[in-house]
1. Would it be correct to say that B:R126 is part of a helix (DSSP H, G or I), surrounded by fewer than 21 Cβ atoms within 10 Å (Cβ to Cβ) and either more than 11 Å from the chain's Cα centre (by Cα) or hydroxyl-bearing (S, T, Y) (or both)?
2. State whether the residues of segment B:55-64 include one that is surrounded by fewer than 19 Cβ atoms within 10 Å (Cβ to Cβ) and among the acidic types (D, E).
3. Could you list all residues from segment B:105-151 that are more than 9 Å from every other protein chain (Cβ to nearest Cβ) and among the hydroxyl-bearing types (S, T, Y)?
4. Of the residues in segment A:21-49, how many are open to solvent by less than 90 Å² (accessible area, probe 1.4 Å) and within 13 Å of chain B (Cβ to nearest Cβ)?
5. How many residues, within segment B:65-84, are open to solvent by 40 Å² or more (accessible area, probe 1.4 Å), touching a residue at least 40 places away in the same chain (Cβ under 8 Å) and in contact with a His (Cβ under 7 Å, 6 or more places away or on another chain)?
6. Scan B:Q48, B:Q145, B:Q111, B:Q38 and give me the residue that is under 27 Å from A:E16 (Cα atoms) and in a helix (DSSP H, G or I).
Amino acid sequence: MTISIPIGPQHPALKESTNLTVKVDGEKIVGIDMRLGYNHRGIEKAAEQ
Amino acid sequence: MSLESEIEEKLREEFKEKILEVKIPGEHRIFVSVPSPQVKELVNYLRQNFGLTHITTISAIDIGDDIEVLYHFFCRGVTIRLRTLVPKTEPVIDTITPIILGAILYEREIQDLLGLKVKDHPDPRRLVLPEDWPEGVYPLRRDYQVGFKGG
């Protein structure tokens, strides 16, 4: 059986906002689901305009 | 013979007119341009014959009528750049994730930001954009205008 543990978006161990949903089976990490983009600064778009 | 020349020779032999351009712009670098339906086949060929496993990134840009997609690979000391154009009227490209697993997030990113539909992607959910972002709005397309938010 796996348990999902959410980490973030705000967490002292993270360098920037990221949401990680870690799926664990006992002590073992068996999967991860990530959500990015909280800090997207749109530099590509800014440079284009 | 250097690896990049070997790749160039083999690609010309194997793909012939299906390849638009192959050139070696410098030492340890190779540039390949192909039509978008050939991308998957070519990546698979490089994987099978040259042990290509590492993708550095995929970058894409809206250049008017087409979306230019650049795949950046690194294979045994050689940087491989693969360029393809996908028409905006039919913005669909085949996934390469089953061949090079590292492409999974890059493909989701370009799908989000440029609306380039990645066909048969194993996990086509949103990556960068928020859940409440409207469907069919692609922020890195030229026709998307950034609103002035003050400050």
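The values are calculated or read from the model by the stated rules, or taken from the named source; none is laboratory data. Note that this is a predicted model, so its numbers are computed, not measured. Cβ atoms come from the backbone with ideal geometry, glycine included; neighbour counts cover every protein chain shown. Just so you know, the surface numbers come from the protein's heavy atoms only, side chains and all, with ligands and any DNA or RNA stripped out. Shrake-Rupley method; radii C 1.70, N 1.55, O 1.52, S 1.80 Å.
1. no
2. No, segment B:55-64 contains no residue that is surrounded by fewer than 19 Cβ atoms within 10 Å (Cβ to Cβ) and among the acidic types (D, E).
3. Once the filter is applied, which keeps residues that are more than 9 Å from every other protein chain (Cβ to nearest Cβ) and among the hydroxyl-bearing types (S, T, Y), segment B:105-151 yields B:Y106, B:Y138.
4. 13
5. So the count comes out to 2.
6. Values: B:Q48 fails: under 27 Å from A:E16 (Cα atoms); B:Q145 fails: in a helix (DSSP H, G or I); B:Q38 fails: under 27 Å from A:E16 (Cα atoms).
Within the list B:Q48, B:Q145, B:Q111, B:Q38, the selection yields B:Q111.
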